[in-house]
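Visitor: Please read through the structure below; I'll follow up with questions.
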Amino acid sequence: MEKKDLDLLKWLLKNKKISLKKYNKIIKYSLKLNKKEYLKKLEELIDNLFDYNLNEKEKYEVNKYLLLKNEKKKYDYLYCSEIGRFDFDKNGKRKTIFDFKTLYEWDKDWWKFQKKSLISNDINKSYKYKSWYKQNFKKYKNIYADGEWFRWIEKKDFGKDKNEMIYGSISGLYGYIIREISEFIDKEIDKIYPNFLYKPYNEKTFKKIKGSKYSTMYDFQTRAAGKEKELEKLKENYRNNFYKIEKEIENRIKPFSEYTFTNITYDYGKEKVENHMKHMIIGGISAAKKIRFKHFLKDFYEKEQPYGVVENIIKNLKKEIKNKYLKEWNEN
């Protein structure tokens, strides 16, 4: 076993972050691998550790240990977990967030990459995607980051451990609200026309649908108690008119382009986690240009406004959508 990995396990055991039983199981597993096999799995160390039924607290301690050991203290140990976001430079070294001076440069660079990829994809030329593509890629006017995972260390004034590792995400305000509103509309449509996915098991029907013996989402049909046509029409009206809501969101967030917001949640997805997720929300391009990654926390918190501002925007939009847009789309 590599020394740095063994040091990690010993530290976890010594500080009672992991049980002796789990420690021995991991050691026993690693000794079975020859050097070539182990080197191949070296980059998967964290995943390998997590395979041994580590609970959330133990996973947190593993991630925190590695963050403090491998990242830079002077930059608050800031680390971006979205590895796919970074290319290699001319010397074959992978770039990091610190190769970008500001959050704006980092975000626009990724937007350009995505735009180039989408232009070459024929599916985005269909009518269903025209509004969405025009809104997000014709011009860079909103922060493109949409929940990218970050980790960093924040200092605490109380408790034995003064260093708190934060599981965080970075999103633009526009995309953050779009996501909240899209989820809300989907749930409201399900209330209007309760439905479920059904897979026809008739072999002839199956072959006619896909022409393959392998199951995909295309093999499923929607059942809505005889209201399938009405449901599909409502969804179609929703897709064709969502640009109106997008425009409304843009207008309502304009006054907050230079500000930031923080929202903390304790339930990420379906799993109840012990350690919270801190969502760092960027109001707009003006704010992104002033946030330097080497001074990320300082710059972000200097521009922070109460999250209640975002909550009010979302609350008013939901009310308007329910009382106006959904009724219009359903009637039509």
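Visitor: Tally Lys and Arg at +1 and Asp and Glu at -1 over the other residues with C-beta under 12 Å from the C-beta of Ile192: what net charge comes out?
Guide: Spelling it out: positives minus negatives among the neighbours equals +2.
Visitor: From the cross-link list Lys69/Lys278; Lys72/Lys95; Lys278/Lys298, which pairs have alpha carbons spaced over 18 Å apart?
Guide: Lys69/Lys278
Each value in this text was obtained by applying a stated rule to the coordinates, not by laboratory testing. On a predicted model such as this, the values are computed, not experimentally measured, just so you know. Counting neighbours? That spans all protein chains shown, and the Cβs are built from the backbone with ideal geometry, glycine included.
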